[in-house]
């Protein structure tokens, strides 16, 4: 259904960007910590394990091949696909990015050696840039879904991502967050990322229009 499609469509670029950040040398535990500090209930690595690495891999792969353009690109999702082949499915198999024994959770002792093949460089990114890169991919897709009338209004968009993905609840959802930080500021940041990292960060037309007009998503 449409709400489920909206949530999954926003998760696609989110997951791809997590893979891109691994490629840029960000340790797994730092990714989790950064997004928890942003306000997410769990970090993206823990989320992949809890949902199932097979499920997250399928969502990322399906959307990357769904003719949705460059927005679904940027990271190497074979990192997760190969984990599925190894049987590292996350919490349900007892091993994914982390290992699970009863209530104990620890980083998979084999994972750092495994992901080395996907690390292309170490950019030494700080927590703020990690957060902004992940969240901007999430938010841009939410705005594109509103632009494409996949969702009917920003209220539905905010509720869908807060309850469907755990988007930092205290920030009120992606559109409320955009109003708080200023759409013009956000578009400027994304344009900078597009120049630095690639066209996957190009803000959608709806964001550009709101930035130019000064219009907010919520009155």
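The values are calculated or read from the model by the stated rules, or taken from the named source; none is laboratory data. Everything quoted here is computed from the prediction, not taken from an experiment. Backbone-built Cβ (ideal geometry, glycine too); neighbour counts: all protein chains shown.
Scanning region 102-118 for residues that are modelled with pLDDT under 95 and in a loop (DSSP other than H, G, I, E, B), we see that the one that is nearest to residue 205 (Cα to Cα) is 103.
Condition check ((1) in the same structural domain as residue 177 (by TED's automatic domain parsing); (2) part of a helix (DSSP H, G or I); (3) over 22 Å from residue 174 (Cβ atoms)) across all residues:
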site	(1), (2), (3)
33	no, yes, no
36	no, yes, no
42	no, no, no
45	no, yes, no
49	no, yes, yes
58	no, yes, yes
80	no, yes, yes
83	no, yes, yes
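Can you say whether residue 96 is surrounded by 16 or more Cβ atoms within 10 Å (Cβ to Cβ), within 17 Å of the chain's Cα centre (by Cα) and within 22 Å of residue 12 (Cα to Cα), as far as the supplied structure shows? So residue 96 fails the test. If you go through region 21-30 one residue at a time, do you hit one that is touching a strand residue (DSSP E or B) at 6+ places or on another chain (Cβ under 7 Å), outside the structural domain of residue 162 (by TED's automatic domain parsing) and within 23 Å of residue 157 (Cα to Cα)? No.
Every residue in region 1-56 that is on the phi > 0 side of the Ramachandran plot and buried (at least 16 other Cβ atoms within 10 Å of the Cβ), please. Selection gives 52 alone.
For region 190-205, a tally of residues being assigned to a helix (DSSP H, G or I) and surrounded by fewer than 18 Cβ atoms within 10 Å (Cβ to Cβ) returns 8. Count of region 119-145 residues, restricted to those that are free of Cβ contacts under 8 Å to residues at least 40 places away in the same chain and either part of a helix (DSSP H, G or I) or under 9 Å from the mean Cα position of the chain (by Cα) (or both), is 2.
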